[in-house]
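The values are calculated or read from the model by the stated rules, or taken from the named source; none is laboratory data. None of the values given here were measured: they were computed from a predicted structure. Only protein heavy atoms, including side chains, enter the accessible area calculation; ligands, DNA and RNA are left aside. Shrake-Rupley method; radii C 1.70, N 1.55, O 1.52, S 1.80 Å.
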Amino acid sequence: MNVPLWVWLVTIVGFVLVIGADLWLNDHKPHAVTLGEVTRWVVFYVALAVAFGLGVWFVAGGTYAGEFFAGYLTEYSLSVDNLFVFLIIMSAFKVPVLHQHRVLLVGIVIALIMRSIFIAAGAAVIDRFSWVFFLFAAFLIYTAVSLVKQAAGGEDEEWKEGRVLQWVRKAFPVTDDYHGAKTTVKIDGKRWLTPMLIVMIAIGVTDIMFALDSIPAIFGLTQEPYLVFTANAFALMGLRQLYFLLGGLLNKLVFLSYGLAVLLAFIGVKLALHALHENELPFINGGQPVPVPEVGIGLSLGVIVGVLALTTITSLIAVRMKPELAEQGSGITAPPLARTKEEAAQIEARDEQADHRVSAPPRD
């Protein structure tokens, strides 16, 4: 797939314009979001991704379009699992409801920039060393096994400040209180960071960590950097609204980890077969390609859609039959989602009265 530089530039500018419009329309006046608002934005971003995929189909053919849709669905489904951690981070930092939208946007933009670097590096490595697919395959299968163990063990999601945030706290003074949407504030002539900036960094860094399994996964579906980048961008851009829309449903997706484990294991096997087909390692078949079957994109797309649908349906049925299953999660609290403007006003009033003081974590 030969993508001219101008197409890359137009695509990036398009993403910047959409993100800018989203920021202006949703955040120029901080407010509690409503069900109708987030639903419209989720539909908009999904429709935008579908339109883009159809455009790829028209310009480059069905194979590349299938790779885009498979990559997009995989990235989006992995992102749903990541929302658990986002909820925990928001709760830990007591982020005001009015500003959660902006925190997610800035954090996701940071993640998108860093993922672009990862994608470029991954594409360059794959282009030179085909054996890297063996490493990707092993890592994805290992991650799948880890997901199953975690789900079977019923372990609660935990989040702790990593080294990046610890370094930021040591290098710069951080206030305990929020100061509206400000990321820095001047107190007695001294510049302080606010918890707003710290939580934005936390969201961005956490999403970068999630990229360690999602980037190899999508490279297992397509080796086209342009499709890898756009699938990631569309999945991330729609993540903010999905955070609010699915917040109350996440604990009901009790089999999500198992479904994602199946997907990662499937893509891992697909990568391993591809690596054998492109083999150059001298200790495997004398450095010659191994004649093994490869999994086509049509089958991959069918497996992805089927696993996601089965996981969602069985989860909702299981929770309906045994409501206590939804209570075995991490106990995280979903962000409030108003159904009317009146409810939104009430949420905003309660949020203004809430205690948003965030004490620094104890030093090790």
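Which residue, 281, 193, 271, has the most motion in a Gaussian network model of the chain that connects Cα atoms within less than 10 Å?
The residue with the greatest mean-square fluctuation here is 281.
When the scattering of the chain is computed by the Debye formula from its Cα atoms alone, each counted once and equally, what is log10 I(q)/I(0) at q = 0.06, 0.11 Å⁻¹?
Each listed q corresponds, in turn, to -0.24, -0.82.
So with the 1.4 Å probe, I'd like the accessible area per residue for the chain, rounded to whole Å².
Details: 18210 Å² over 364 residues.
So the chain comes to 50 Å² accessible per residue, rounded to a whole number.
With a 1.4 Å probe and all protein chains kept in place, how do 274, 179 rank by accessible area, largest first?
Final ranking, largest accessible area leading: 179, 274.
Send over the semi-axes of the stretch 1-128's equivalent ellipsoid, whole angstrom and largest first, taken as the square roots of 5 times the C-alpha gyration tensor eigenvalues.
Details: eigenvalues 173, 66, 46 Å².
Its equivalent ellipsoid spans semi-axes of 29, 18, 15 Å.
Report residue 119's accessible area, 1.4 Å probe, all protein chains in place, as a number in Å² to the nearest 10.
Using a 1.4 Å probe on the heavy atoms, I get roughly 10 Å².
So which of 94/341; 170/341; 29/94 end up more than 31 Å apart, counting from Cα to Cα?
170/341
Could you put 160, 186, 252, 270 in order of accessible surface area, largest first, with the 1.4 Å probe and the full protein assembly present?
Largest accessible area first, the residues go 160, 186, 252, 270.
With every protein chain left in place, what is the accessible area of residue 139 in Å² (1.4 Å probe, nearest 10)?
Estimated to the nearest 10 Å², residue 139 gives 80 Å².
Taking the stretch 228-312 on its own, what percent of its Cα-Cα pair distances exceed 14 Å?
Pairs farther apart than 14 Å: 75 percent.
Hey, if we sort 183, 206 by accessible area with the 1.4 Å probe, largest down, what's the order? Working shown, then result.
On the way: 183 45, 206 15 Å².
The ranking, largest first, comes out as 183, 206.
Counting C-alpha atoms alone, how compact is the stretch 74-132: give Rg to one decimal and Dmax as a whole number, in angstrom.
Every Cα atom of the stretch 74-132 included, Rg and Dmax give 15.7, 48 Å.
Ignoring any ligand, DNA or RNA, what whole percent of the accessible area of the chain comes from carbon and sulfur when the probe is 1.4 angstrom?
It is 65 percent, rounded to a whole number.
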